[in-house]
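*Asks:* Structure incoming, see below.
The values are calculated or read from the model by the stated rules, or taken from the named source; none is laboratory data. These numbers come from a predicted model, not from an experiment. Cβ atoms come from the backbone with ideal geometry, glycine included; neighbour counts cover every protein chain shown. For accessibility, only protein heavy atoms count, side chains too; no ligands or nucleic acids. Shrake-Rupley method; radii C 1.70, N 1.55, O 1.52, S 1.80 Å.
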Amino acid sequence: MAEVKVKPEVPDPMDIESRIIELCHQFPHGITDQVIQNDMPHMEAQQRAMAINRLLSMGQLDLLRSNAGLLYRIKESQNASKMKGSDNQEKLVYQIIEDAGNKGIWSRDIRYKSNLPLTEINKILKNLESKKLIKAVKSVAASKKKVYMLYNLQPDRSVTGGAWYSDQDFESEFVEVLNQQCFKFLQSKAEGARESKQNPMIQRNSSFASSHEVWKYICELGISKVELSMEDIETILNTLIYDGKVEMTIIAAKEGTVGSVDGQMKLYRAVSPLIQPTGLVRTPCGLCPVFDDCHEGGEISPSNCIYMTEWLEF
C-alpha cells in the first residue's frame with residue numbers, strides 16, 4: 001500500500017500577524033526574528049517575512065537596530081497613525097529621533113545608528129519636517145549644527161540655553177539686570193530687618209528670603225520677556241553667592257510649603273564683606289572653578305582665557 005503524505009496546513013496570514021503582535025506585547029522592549037522562529041518553528045521564513053513586512057507597512061511595528069540584530073517592537077497607536085504610508089527607513093529614522101527625546105540628536109548620530117547613507121538621511125529628514133513630525137533646533141553648544149527632535153517637544157535647556165540665550169546669543173545685559181534686582185530685593189529685606197530694632201538673632205532670621213519670594217518679586221517687576229522658573233532665579237542667586245554678596249542656608253520645611261523641595265527650603269540674604277578681598281581674589285584666576293585644569297598648551301590656558309582678556313581690558 002502506497003504511503004500517503006499529508007500536506008501540512010498553511011497557516012492563515014492573519015493568525016501569524018496576530019501571534020507576532022502578542023509576542024511584542026509580551027516583550028515590550030522588542031523581539032528578534034529568532035524569537036518569532038522559536039515560537040512558530042513550523043512556519044516558513046518567507047511566510048514570517050511577509051507577515052512582518054505587512055505589520056511594518058501598516059505602522060503597527062517599529063524596526064530597531066541593536067547589538068543582537070534587528071528588533072521588532074509594538075508601536076504606539078498615535079505614532080502608528082502618523083507614520084502610516086512611510087517606508088521602513090523613514091520609520092527607523094523617526095524612531096531614532098523619538099528615542100533622543102527633547103535633547104535631540106545630530107544627523108551624524110542618526111547616520112551612525114541607522115547605517116543609512118547621509119544623502120538618504122537628509123532626504124528623510126526633509127520629508128519628516130515637511131510632515132511636521134520632527135523639527136530642527138539650533139543648539140547653543142554648536143552654533144553651526146542642528147539637532148532633530150519630535151515636532152511637539154519643548155527643547156531641553158541644554159539645547160536652547162534656557163532663559164539666558166536669545167537666538168543662540170548670551171543675554172549678558174539681561175543677566176546683569178536680574179543680578180542687580182535680586183540683590184536689591186535682598187538688600188531691602190536686610191535693611192527692613194535692621195530697622196525693626198529687634199534682637200540680633202531675630203534681625204538675622206528676618207533678613208532671609210526664600211528663592212520663591214525672590215522669584216515672585218522679579219515676576220511682578222515684569223522685566224523679563226520670557227517666563228522665568230525658580231531654578232533660573234536660583235542660578236542668578238548663585239552668582240551673587242560667588243561674588244560674596246549673598247549667603248545661603250537650607251532649612252527643613254513642611255511638605256507642601258511654597259518654595260520647598262523634598263522637605264527643604266533654600267533661604268538667601270544679602271551680606272557685607274568684613275574686609276576687602278585681596279588682589280588675587282579679584283582676578284579671574286582667584287575664583288576660577290577650573291583653575292587646576294588650566295595650563296599653557298592645554299584646552300584651558302591663560303592665553304585663550306576670555307575672562308582674563310575681559311579683565312585686562314577693563
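*Asks:* Condition check: not basic (K, R) and not in a helix (DSSP H, G or I). Does Q180 satisfy that?
*Replies:* So Q180 fails the test.
*Asks:* Another question about this same structure. Of all the residues that make up the stretch 98-123, how many are at pLDDT 85 or above and within 21 Å of L55 (Cα to Cα)?
*Replies:* Adding up the residues that qualify gives 1.
*Asks:* Among the listed residues R194, R204, R269, identify the single one that is of a type outside the set (S, T, Y), open to solvent by 80 Å² or more (accessible area, probe 1.4 Å) and closer than 30 Å to G286 by Cα.
*Replies:* Result: R204 is the single residue among R194, R204, R269 that is of a type outside the set (S, T, Y), open to solvent by 80 Å² or more (accessible area, probe 1.4 Å) and closer than 30 Å to G286 by Cα.
*Asks:* Which residue, of K146, K113, K135, is surrounded by 14 or more Cβ atoms within 10 Å (Cβ to Cβ), over 16 Å from the mean Cα position of the chain (by Cα) and without any contact (Cβ under 8 Å) to a residue 60 or more places away in the chain?
*Replies:* Checking each option against the conditions leaves just K113.
*Asks:* In addition: Look at E213 and say whether it is outside any loop (DSSP other than H, G, I, E, B) and in contact with a helix residue (DSSP H, G or I) (Cβ under 6 Å, 6 or more places away or on another chain).
*Replies:* Taking the combined requirement at face value, the residue does not satisfy it.
*Asks:* Checking the structure you have, find out if any residue of the stretch 249-262 is assigned to a helix (DSSP H, G or I), exposed (fewer than 10 other Cβ atoms within 10 Å of the Cβ) and either in the same structural domain as A190 (by the TED database) or modelled with pLDDT of 90 or more (or both).
*Replies:* Scanning the stretch 249-262, I find no residue that is assigned to a helix (DSSP H, G or I), exposed (fewer than 10 other Cβ atoms within 10 Å of the Cβ) and either in the same structural domain as A190 (by the TED database) or modelled with pLDDT of 90 or more (or both), so the answer is no.
*Asks:* Which of the helices (runs of 4 or more DSSP H) found entirely inside the stretch 83-176 contain at least 1 residues meeting this: acidic (D, E)?
*Replies:* 88-100, 107-114, 118-130
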